[in-house]
Amino acid sequence: MEVLLTNEELFLIEKEANVNLEYYFDTHVIDGYAMHISIKTISKNNKLIFIVGNDFTGFKHLNERHSFLSFKNYWMSFEERLKLDDPSKFNPKMIPIVDYVKIADLIFCEENKNVSKNNRPETFDKFTGFLDNENKEKYHLLTYKDTKIVHTLFPDKKKYNSKRKCKFGKGTAKISTKFPEGYNDLLMPYENSDGKMAYSILFRKYYLEKIEKLFIQKHDEEENVVGQFLLDYRSFEDFEKFQHSDMYELQNSNLFEFEKLINEIDYRLTEKVI
């Protein structure tokens with residue numbers, strides 16, 4: 001269930017912003033005791049208020065849903081079933097709390113107020129404008145109605161979105177080593193709409209045999225492996241281990257062919273063909 005700010009919370013945020021403007025103005029407040037209504041920053045030009053927020057509103061929502069470096073999966077209802085959503089992502093070169101604030105400050109003005117394409121005018125004011133650069137990228141800003149409190153900000157186009165083929169949501173790559181079994185794993189999970197690992201791509205180094213194998217794995221509802229499909233293998237030397245660079249590369253790689261195989265395996269298992 002979506003949790004937005006209440007009228008009382010909006011009042012408290014605006015009051016805090018007015019009383020302690022200098023504390024939040026054009027800076028980034030780090031507070032280990034911050035709550036969802038705590039203020040992170042107030043923008044330089046238009047005094048827009050960015051709060052810590054939660055999964056549904058504020059900076060946390062904005063950053064987790066639209067940051068290029070966020071790998072959180074979102075699902076939407078489609079023809080009486082859940083389908084993986086694909087929210088637009090910011091340029092990976094942008095610094096979230098710095099560049100996002102600058103963009104919002106730039107497009108927040110009366111001439112950019114978007115009345116015709118605001119799906120929730122009773123709750124939010126919507127502003128649509130262009131970043132003043134060579135590409136003229138369009139952005140949408142939503143503030144709580146008649147306030148300067150930011151609900152969210154996002155690019156209009158999906159120019160920077162990673163391409164994908166899988167019906168499951170790509171998770172976060174992991175590295176692990178297991179003894180006495182004697183193997184080193186590099187794993188990319190793929191999650192269902194409940195956030196559970198349904199499939200995974202696994203690179204495993206078997207140290208006794210000095211062989212690295214590549215699998216697609218199927219997981220049950222408890223995330224236990226219930227099926228392995230061997231795709232390839234190779235020999236390696238010495239005591240090689242997967243490094244963080246391998247994890248980063250896998251996280252940001254084009255995994256199209258693997259994802260198509262996951263879809264095919266899932267279809268065949270669901271249809272009880274294999």
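The values are calculated or read from the model by the stated rules, or taken from the named source; none is laboratory data. Quick caveat: nothing in here was measured; it's all calculated off a predicted structure. Neighbour counts are summed over all protein chains in view; Cβ atoms, including those assigned to glycine, are modelled from backbone coordinates with ideal geometry. Areas reflect the complete protein model, heavy atoms only, side chains present, ligands, DNA and RNA absent. Shrake-Rupley method; radii C 1.70, N 1.55, O 1.52, S 1.80 Å.
With a/c under 1.5 counting as rounded, go ahead and sort region 54-164 into rounded, prolate or oblate using the C-alpha gyration tensor (a ≥ b ≥ c being the square roots of the eigenvalues; past the cut-off, prolate if a/b is larger than b/c, else oblate). Don't skip to the answer; put the middle values down first.
Working: a/c = 1.60, a/b = 1.17, b/c = 1.36.
Here region 54-164 falls in the oblate category.
Please list, in chain and number order, the residues 5+ apart from Asn54 or on another chain whose amide H is under 5 Å from its amide H, with Hs placed from the backbone.
Amide H neighbours of Asn54: Lys60, His61.
Could you state the angle between the C-alpha long axis of helix 7-19 and the longest principal axis of the C-alpha atoms of the chain, as a value from 0 to 90 degrees rounded to the nearest 10?
Roughly 70 degrees, rounded to the nearest 10.
Cα to Cα, under 17 Å, and not fewer than 8 places away if on the same chain: which lysines meet these conditions relative to Lys40?
Within the straight-line cut-off, Lys40 pairs with Lys15, Lys60, Lys102, Lys148.
Using a ≥ b ≥ c from the Cα gyration tensor of region 1-105 (square roots of the eigenvalues), is it rounded, prolate or oblate, where a/c under 1.5 gives rounded and otherwise the larger of a/b and b/c decides, a/b for prolate?
Working: a/c = 2.49, a/b = 1.53, b/c = 1.63.
Oblate shape, in that a/c is at least 1.5 and b/c is the bigger or equal ratio.
Checking the cross-link filter: which lysines have an alpha carbon closer than 17 Å to that of Lys167, excluding same-chain neighbours under 8 positions apart?
In chain and number order, the partners are Lys72, Lys83, Lys196, Lys218, Lys260.
What residues have an amide H closer than 5 Å to that of Gly227, excluding those fewer than 5 places away on the same chain, when H is modeled at 1.01 Å from N in the peptide plane?
Counting only residues 5 or more places away or on other chains, the set is Lys218.
Looking at region 90-168, which trypsin sites (Lys or Arg not before Pro) are in a loop (DSSP not H, G, I, E or B) and have at most 13 other Cβ atoms within 10 Å? Spell out each step's value before the answer.
Numbers: sites: Lys93, Lys102, Lys113, Lys117, Lys126, Lys136, Lys138, Lys145, Lys148, Lys157, Lys158, Lys159, Lys163, Arg164, Lys165, Lys167; in loops: Lys93, Lys117, Lys136, Lys145, Lys148, Lys157, Lys158, Lys159, Lys163, Arg164, Lys165, Lys167.
Loop-located and lightly packed - Lys93, Lys117, Lys136, Lys157, Lys158, Lys159, Lys163.
With a 1.4 Å probe and all protein chains left in place, how much of the accessible area of the chain comes from carbon and sulfur atoms, in whole percent? Intermediate values should be presented prior to the final figure.
On the way: 8410 of 16560 Å².
Percent of accessible area from carbon and sulfur atoms in the chain: 51.
Using a 1.4 Å probe and ignoring any ligands, DNA or RNA, find the accessible area of His28 and quote it in Å² to the nearest 10.
80 Å²
When only Cα pairs under 8 Å and 6 or more residues apart are kept, what is the percent relative contact order across region 116-274? Please list the in-between numbers first.
Working: 265 pairs, mean separation 23.9, N = 159.
This gives 15 percent for region 116-274.
Extending each Cα 7 Å along its Cβ direction at Lys72 and Lys157, get the distance between those two points in nm, one decimal.
Output for this residue pair reads 2.7 nm.
Which ³J(HN,Hα) values in Hz, rounded to whole numbers, follow from the phi angles of region 147-154 under the Karplus curve 6.51 cos²θ - 1.76 cosθ + 1.60, where θ = phi - 60° and Gly and Pro get x?
So the J values, rounded to whole Hz, are 9, 10, 8, 7, 8, 6, 8, 7.
Would you rank Asp232, Asp85, Asp220 by solvent-accessible area, highest first, keeping every protein chain in place and using a 1.4 Å probe? Provide the component values of the computation, followed by the final result.
Values: Asp232 85, Asp85 30, Asp220 55 Å².
Of Asp232, Asp85, Asp220, the descending order of accessible area is Asp232, Asp220, Asp85.
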